[in-house]
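Quick notes on the structure that follows.
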């Protein structure tokens, strides 16, 4: 189940396309262009680039089977397709450092009829000012495949805006690299369930889809953790795979490690932008790559040496080693300001928003608050093994405050064991906990200020 790219009659040559990635079928003139269901309703996305078209089918049922739910499938609706497409585009533009300057509209035909048993088929069309793309999309598809294919189509749109006669398809490693970088670094979350479309100011589910802290600390954490156990691919297997297997997590994470590493080179994001911009003007992507990254990788041998060093370092990757004082305080602050999904408008999916621990305790209620606090508590317990020993007591006190608050919440309204004491009320407990939290925050800020003063004196002493 992969993206299928087809060429309608009358288009220019496809040029150099990744045969290992895409399945191609050239329609003969006698067969003509496939008939698309253009009659029906349509929905335009916020930016105007995506137009979702659909025809109501009284035989189609949007419900997923229990087996499909367990396998990570999603039932797409026109509004969800439109919102998700905008979210994914926003994430890609952020990763690539680009402004939204789309030229051709992407039409997504939501149809309950499969084409050759494929749930996602892309139809390119050449115009005078660039290439346009239509997508035939089956409304039931695996979430990860839907997002990865959407990334692929958006990269096709970005790369082929120059209007060259040849349409250029991005290599598999670039698609997977952008896909994973977007998911791990962007606060834009391509949510994939109807429950995520909620009222403004409301949270989408009891767990708020708590965002793991480490993704913001190191975008390649998951890739490094996976490839430390599974041997990373060789550069040749990564750049020129014999075939593409969507479920090959080694390829997915190796591609992410490569893509993220390219962004850290001296060429930075500008080099990647040049790579995408010039790709259609050469016979293969390798030529464009060495032009865009000439300072870092003037030839393939230099790239292979760099990749060997990157993969060799994975054996020493240890995300839980103790940090220095500055890093310890930064990690503690990050743990105390978790991220939860919050919808800002009725027509938008929730995005990850940083929230303070004071806000969670003082303003949130019920299961939403309790779940988030337990997540922070678990993170603090993990953090004890990572910070310098001087910070451990402070981390423990934060964790103890949360634990005691949650335990006391479960006893609200019951008579105190102390004679003459009034039953504990929730607002009283919240105010008392916020007072204790303020004292802990003062300790944390004092520790930070003391470190800064010592660091300044040390720097002044070394400079004299």
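The values are calculated or read from the model by the stated rules, or taken from the named source; none is laboratory data. What you see is a predicted model, and the numbers here were worked out from it, not measured in a lab. Please note: Cβ atoms are built from the backbone with ideal geometry, for glycine as well, and neighbour counts cover all protein chains shown.
Numbers below:
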read-out	value
So residue 396, is it loosely packed, with under 13 Cβ neighbours inside 10 Å, in a helix (DSSP H, G or I) and without any contact (Cβ under 8 Å) to a residue 60 or more places away in the chain	no
Test result for residue 259, in contact with a helix residue (DSSP H, G or I) (Cβ under 6 Å, 6 or more places away or on another chain), at pLDDT 95 or above and assigned by TED's automatic domain parsing to the domain that holds residue 237	yes
In the range 72-86, residue surrounded by the fewest Cβ atoms within 10 Å (Cβ to Cβ) [restricted to those that are under 18 Å from the mean Cα position of the chain (by Cα) and assigned to a strand (DSSP E or B)]	73
Selection count, the range 287-303, where residues are part of a helix (DSSP H, G or I) and surrounded by 14 or more Cβ atoms within 10 Å (Cβ to Cβ)	7
Residue satisfying all of: in the range 270-282; surrounded by fewer than 19 Cβ atoms within 10 Å (Cβ to Cβ), in contact (Cβ under 8 Å) with a residue 12 or more places away in the chain and touching a helix residue (DSSP H, G or I) at 6+ places or on another chain (Cβ under 6 Å); farthest from residue 310 (Cα to Cα) among these	278
Meets criteria (surrounded by 22 or more Cβ atoms within 10 Å (Cβ to Cβ) and touching a residue at least 60 places away in the same chain (Cβ under 8 Å)) for residue 246	no
Whichever residue in the range 112-134 is surrounded by fewer than 20 Cβ atoms within 10 Å (Cβ to Cβ) and not in a strand (DSSP E or B) and, among such residues, is modelled with the highest pLDDT	112
Residue among 108, 141, 175 that is in contact (Cβ under 8 Å) with a residue 12 or more places away in the chain, within 25 Å of residue 245 (Cβ to Cβ) and either part of a strand (DSSP E or B) or in the same structural domain as residue 92 (by TED's automatic domain parsing) (or both)	141
Selection status of residue 372, at pLDDT below 90, part of a helix (DSSP H, G or I) and crowded, with 16+ Cβ neighbours inside 10 Å	yes
